[in-house]
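The values are calculated or read from the model by the stated rules, or taken from the named source; none is laboratory data. Keep in mind that this is a model prediction, so the values were computed, not measured. Using ideal geometry, Cβ is built from the backbone for each residue, glycine included, and neighbour counts are taken over all protein chains shown. Accessible surface areas use protein heavy atoms only, side chains included; no ligands, DNA or RNA. Shrake-Rupley method; radii C 1.70, N 1.55, O 1.52, S 1.80 Å.
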Amino acid sequence: MTEDAENKPLSARITAAGGFVDIDAYEQGGGYQALRHAVTAMAPEDVTQTVKDANLRGRGGAGFPTGVKWSFVPMGDDAGDGVKYLICNADEMEPGTFKDRYLMENDPHLLLEGILLGAYAIQAPQAYVFMRGEYHLAARRLEEAIAAAEARGYCGKDVLGSGFSVAVGLHRSGGRYLCGEETALLNALEGRPAQPRARPPFPPASGAWGRPSIVNNVETLCNVPGIIRHGAAWYQQLGRGEDAGTKLFGASGRVRSPGLWELPMGTPIREILYDHAGGMQDGYAFRGLLPGGASTDFLVEEHLDLPMDYAAIGNAGSRLGTGTMIVVDDSVCVVDLSRNLQHFFAQESCGFCTPCRDGLPWLESVLADIEAGRGEPGDLELLDRNAHYIGVPGHTFCVHATGAMEPLASALKYFRDDFEAHIRERRCPHRQHGLRREPI
Amino acid sequence: MPTIEVDGVRYEVREGANLLQACLSQGLDLPYFCWHPSLGSVGACRQCAVVQYKDEEDTQGKLTMACMTPAADGTRLSIDADEAVGFRASVIEWLMLNHPHDCPVCEEGGECHLQDMTVMTGHTVRRYRGRKRTFRNQYLGPLLNHEMNRCITCYRCVRFYRDYAGGRDFDAFGSRDRMYFGRAEDGVLESEFAGNLVEVCPTGVFTDKPFSRTYTRKWDLTSAPSICHGCGVGCNTLPGERYGALKRVHNRYHSEINGYFLCDRGRFGAGFVNADGRLHSAGLRRDDGSFDPVPPDEALRRAAAAMANGRVLGIGSPRASMESNFALASLVGREQFCSGFADYQAGLMAAVVEAMAGPAIHVPTLQDVEAADAVLVLGEDVANTAPRLALALRQSVRNESFAAAADASIPVWQDAGVRNHGAAYRSPLYQAAVLGTRLDDIAEASVCCPPETAAELGERVADQLGQRSGADTALSDDLRDFAAAAAQALGDAKRPLIISGTGSGSAAVIRAAAAVARALAGGERDVSLCLNVPECNSLGAHLLGGGMTLAEALTSLEQGEADTVIVLENELSRRAEAGRLTAAVERANVIVVDCQEGWTPEHADVVLPAATFAESDGTWVNYEGRAQRFYRVFPGRGDCAPAWQWLTRLARTAGQEFAERLAGFEHVADVTAALAREHAVFAEADDAAPEAGLPAGLRVPRQPHRYSGRTAMHAHVSVHEPRPPADTESPLAFSMEGQQPRDPGVLLPFSWAPGWNSNQSVYKFQAEAGGALRGGPAGVRLDVTRAAAGRRVEAPAAAADRPFRALPLQDVFASDELSLHAAAIRQRAAQPYAVLAPADAQGLGITAGSGVRVVSGGVTVSLAARIDPTMVSGAVGLVEGMTKGLFVEPGMGVDVSADPDYVPPSDGVIARG
């Protein structure tokens, strides 16, 4: 095993192949050995236990331990008629995030093997990939991968002669940000509006069509083959801090070399920003960043030495999210950026609960007023109050609006002067305003 | 019982409730929108936020949605905490961003839940500087207006229409702040429960279209507790009047019957009270056939003269009150009284009562129906004959999903969770009817067969349950399988329910249903048998009975044995063949007491205008045998009077002998009391209504305290405020003065409480939110087993002497006689049609939509053809109420042919809006 393959289980094959990894290349790199091992030599519960021991946590943003989630699925006689679903959440809609796309376009078999292992672990006869509608290449590659894997007996009826059967289907999303929320995804998959569901019931007990269902993010599932092949201990030691494994970290914005890198969990922000992304472009100064996509709180200069792991970023008042950071430089008007973000979240509200549906467009309009020089005294207090009422988890039906308020509340905290100046001067005082209307 | 603490006060609450329900049940004011006692919680509006504390030490608390939180023992919460108060005001502020400020011109104004909640939360100043969102509204048919700009996106409408009532042509469309609630395209809402959207919507998106043509604010309506005239279920209603017209009907909550919902036939059919064809004055028929209005006394003298020789018959009515029927029976004498059913109907009613009176038979309330865990519907198209019962059945099939939810620790009120989790669970409902029905979508299995096959099916189910070997049957394998599956499901159930009724036109079907119920009885099961009856007082009229059948009465008139007949509120052309009727009435003096023009008043010598239910007090007995009192909403126009009063006056005019028979009939209560004395089965009937005769200050006002325009509305006549009419018949007053009782029971003329102007205020009168009214559910269940064993009426089998036999069908909008006089219902009713099997249609050269000529007894009707592959061959399906002039007896032979001259009637819509 090369050092890369050892340390970068997600991306090493892609790097070695210089891009797309077909089934032959995947097999040559040890692909499908984990599946073969699991279905022939491991009980489903052992697969779950290994993933649990590895402390793999969800890479879609919430960070829930994957093996624990799987263990909630009723097994054996408790499983009723045995219909269960393993669903891969490939609806990558988080602004600034493109990690799942990279994996699916370049190494679809890695995902497929992860799905098959997950389905085996929970004994699901049916798996679905719920994919963002705009991911055309990924959809084609995955469909081809499913066909190729079926031809070689990895999926479909009687996987590798083990007696375990699983069908894998691809569902391409009609396109709503909220489809990334696991219960809204279930509704969309059933052909219903993409609105979240009440919990309980939780999907592992009652999900798609009322049956036990597991929804896992693409990157999460891509970690599973390595864990099964090399063991939980190997996976644990990949991380630099408390969290296990590696992660695709990314950076976008005015950095010298925006991109995506597979790095150990716990890699400090500064290292990602300066060593990998090359630091800020000439003429632009760093102001802050959204560490895990648009729905995470701003971090600023003082946070740059924090490790990118769930606890450290959480303690700093933000979230690891997808781990793909949006870097904000001094050419960007933070008020306008906030307006833009609220525009996005208001557009993508599903329309179910009041604070999100009606509150977000209001805040967008207030921010637009402030940006356009029509702000009024009291507007910031209005924003503060609403950000609190809308943003606290539990105030809204799901966490969409909570996510929407994270960048706003933190912008109001770290960049309050910008907002006040807009209202005081009744204009956008930003030096570059007019040249760069769109911040991202 | 769990104890919860709300703002420092401890309350004992019901096990299994949510916090919102628990708070409301204590009479506390906690704003909400999306929660509804019958629809449960979904957590969409976020209006019912409270602060919940972890434990005694927790002073901070956490905002939580009361409707989504179980009222567990020891829960501490605050409604008044700043965080909760501020959040709830913010929810209103968010909702108000787009809600138009059109309250002054909005029909919901004054009874708008959104208005109430806005005032309650204290949101008063608009801070939003942007434009309001606008929508295009839809044409939704003759019953409902649509004004989407007012929508606050609470999802109640779609949850009622689709989830609760099973409608499919209405949905929530779009996303974000542009959610749209309506149809995929303009068009008539298909569900017969659409009218409930008026009351389900917390603001003015869906409003009552017929009402809006002559709109009146809720606070200006005079209302009284009433009962629906539309079918035998006996839903409780609240009709409202102003300017001498019935303005609208709202639901009157009854925990055991209609709950919060009515069907559209009932809600909009009551418009017949205002119909053009109403009879408002007494009149005499001249020899040339013209009708002369005359003063009442003259009409009475003429009628009395006709009675002078004493050979008088009385024909009662299943839609007249017990009091009027009893008065007529007393006037003419029981032996000369016929309860007014067609002979075949009397035979069916006899089968119904015999079954009901059987040992160990429980007749369920609709609340019981909803609790059933396995159902067999035998031969009755419930969705068309008793829609509210069908709505209850729709809830019964959910019981399995409630059980599954309970296993998964999902509270039953958590509606979305129960539905998501319960998608795969459904309690079984087996159904056999002539054609497919609107319950097919919830049926485990549904078969289409003629009544005799349904009867055989029922007997086979009974055989299997009773483990007796039945007679050899001609049932096909499919039907045997159906019977076996139904027997299995019913046998496995804890609360099996058998539904049948008179709709099939077959007593054998009713007896088969009873046989199934008997076979199930005993053991641990709670077995219910629900037999639907066609009209609002069918059961009462039948229990009262009479000495002759309608055929006997007609023969007696025809042969001159009797020379005078008094017809009480009965359109005889629906009860007997035209030829026989004509022969009978031509020889006799005919005195008609009725409210509405028709064949019978046209053939009367004397017409006495009867008050409708809205203009009189009286008692009807519903399918359960529940005697219920309806109260006068307003004094009728012209000479209108309750029929029993006309009969009393007639008796006095006709001389001592007649007068003595109705002696003491001063007030409606006197008549009810006499009925209760004379007939054991009605012994409790006078308990259905509280005593009348309260002093003025203690009476229950029919008008809200904001009732306006008392002098202005008569100012064109006199500037003096007229003295309100006295009400000698009930504890109600035609006034805004008096006291609304705390425990109203039956006496709730309108629902209002401080801060709660909308119909949501009814919770203030319930023992617990969504539970029974304080004072008990209205009505008294009669002991049907006490029915005097009258002469057993076995209707002769109809002569099947023609190529086709008639199978009765019903239509929710077309089949009720009175409702069809309401313009809105006429617009909703389909054009008259007949149903044929494809092969028969082909043989006759008939295609769908072309004309069908149906001939019987010398009468011809022309109908549009509907071709239905589930129709049995050799039969024609004829819809009650759609064969004007042609009396249809179930199973009788008719001639059917193509009608090349048939011109489809236009749909009558000349403008939309």
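The calculated pair-distance distribution of segment B:90-129 uses every alpha carbon pair, bins of 10 angstrom beginning at 0, and gives 29, 60, 12 percent.
Our note on the geometry: Cα centres of segment B:646-718 and segment B:849-906, 44 Å apart. The Kirkwood radius of segment A:297-433, taken over pairs of alpha-carbon atoms, gives through the Stokes-Einstein law at 25 °C and 0.890 mPa s a diffusion coefficient of 159 µm² s⁻¹. Under 27 Å of direct C-alpha separation, and excluding same-chain neighbours fewer than eight residues apart, A:K413 reaches these lysines: B:K62. Tally Lys/Arg at +1 and Asp/Glu at -1 over every other residue whose Cβ is under 9 Å from the Cβ of A:D243; what's the total? Taking every Cβ under 9 Å from that of A:D243, the sum is +1. Each peptide among B:92-99, A:315-322 gets the average number of other Cβ atoms lying within 10 Å of its residues, and from highest to lowest they stand as B:92-99, A:315-322.
When the protein assembly as shown is described by a simple charge dipole with +1 on each Lys and Arg Cβ and -1 on each Asp and Glu Cβ, the residue from B:A712, B:V681, B:A432 located farthest towards its positive end is B:A712.
So how tilted is helix B:507-520 from the main axis of chain B? Cα-based, degrees 0 to 90, rounded to 10. Roughly 50 degrees between the two axes.
Suppose accessible area is computed on protein heavy atoms with a 1.4 Å probe; arrange B:F658, B:F173 from highest to lowest.
B:F173, B:F658
In chain B, the ratio of gyration radius to Kirkwood radius, Rg to Rh, stands at 0.97 when only Cα atoms are counted. Across chain B, Cα pairs under 8 Å and at least six residues apart give a relative contact order of 14 percent.
Helical runs (DSSP H, four residues minimum) scored at -39500 (n - 2.57) apiece and divided by the length of the protein assembly as shown put the mean residue ellipticity at 222 nm at -8500 deg cm²/dmol.
Net charge dipole, segment B:539-580: roughly 160 debye, given to the nearest 20, about the Cα centre with Cβ charges of +1 for Lys and Arg and -1 for Asp and Glu. Among the trypsin sites (Lys or Arg not before Pro) in segment B:500-604, none sits in a DSSP loop with a Cβ that has at most 11 other Cβ atoms within 10 Å.
Mean per-residue shielding of peptide B:175-185 is 5, counting Cβ atoms of other chains within 10 Å of each Cβ.
What number, in nm² with one decimal, is the all-direction average of the projected area of the convex hull of the alpha-carbon atoms of chain A? Could you put the intermediate results ahead of the total?
Working: hull surface 80.0 nm².
The Cα convex hull of chain A, projected and averaged over all directions, gives 20.0 nm².
Mean projected area of the convex hull spanned by the Cα atoms of segment A:224-313, taken over all viewing directions: 6.1 nm². Here the translational diffusion coefficient of segment B:701-768 follows from Stokes-Einstein with Rh set to the Kirkwood radius across Cα pairs; for 4 °C and 1.567 mPa s it amounts to 94 µm²/s. Ellipsoid fit via the Cα gyration tensor, segment A:133-216: semi-axes of 27, 19, 8 Å, each the root of five times an eigenvalue, largest first.
Only Cα pairs under 8 Å and 6+ residues apart enter the sum, and on that basis the relative contact order of chain A stands at 15 percent. The alpha carbon centroids of segment B:1-43 and segment B:523-558 are separated by 44 Å.
If you wrap a convex hull around the alpha carbons of segment B:617-731, what volume per residue comes out, as a whole number of Å³?
Details: hull volume 17.9 nm³, N = 115.
For segment B:617-731, the hull spanned by Cα atoms encloses 156 Å³ per residue.
DSSP bridge analysis restricted to chain B gives an antiparallel fraction near 55%, rounded to the nearest 5. Per-residue Karplus couplings for segment B:655-662, computed as 6.51 cos²θ - 1.76 cosθ + 1.60 with θ equal to phi - 60°, are listed in order as x, 3, 4, 5, 4, 5, 5, 10 Hz, Gly and Pro entered as x.
So how do B:802-815, B:638-651 stack up, highest first, on mean other-Cβ count within 10 Å?
Values: B:802-815: 22.1, B:638-651: 24.6.
My ranking of the peptides, most packed first, is B:638-651, B:802-815.
Given a cut-off of 18 Å, what percent of all Cα-Cα pairs of segment B:655-789 lie beyond it?
Considering segment B:655-789, 68 percent of its Cα-Cα pairs are separated by more than 18 Å.
Our summary gives segment B:447-501 a relative contact order of 36 percent, counting only alpha carbon pairs under 8 angstrom and 6 or more residues apart.
Note on segment B:599-613 and segment A:254-296: Cα centroid distance 90 Å, given to the nearest whole angstrom.
With 23 Å as the limit on Cα-Cα distance, the pairs of A:K52/A:K84; A:K8/A:K52; B:K247/B:K884; A:K84/A:K247; B:K54/B:K764 that go past it are B:K247/B:K884; A:K84/A:K247; B:K54/B:K764.
Taking amide H positions as modeled 1.01 Å from N, with prolines and chain starts lacking one, the residues under 5 Å from A:V328 and 5 or more places away or on another chain are A:R287, A:G288, A:L289, A:L290. Peptide B:38-50 has a mean of 3 when you count, residue by residue, the C-beta atoms of other protein chains within 10 Å of its C-beta. Using only alpha-carbon positions in the protein assembly as shown, the gyration tensor eigenvalues give semi-axes of 68, 37, 26 Å once each is multiplied by 5 and square-rooted (largest first). Taken along the Cα-to-beta-carbon direction at a fixed 7 Å, the label points for A:E6 and B:E660 span 12.1 nm.
Antiparallel beta bridges, as assigned by DSSP with both residues in the protein assembly as shown, represent about 50 percent of the total such bridges. Protection proxy ranking of A:89-98, B:266-275, A:165-174, by the mean of other Cβ atoms within 10 Å over each peptide's residues and highest first, is B:266-275, A:89-98, A:165-174. For the peptide B:419-426, the mean number of other protein chain Cβ atoms found within 10 angstrom of a residue's Cβ is 6.
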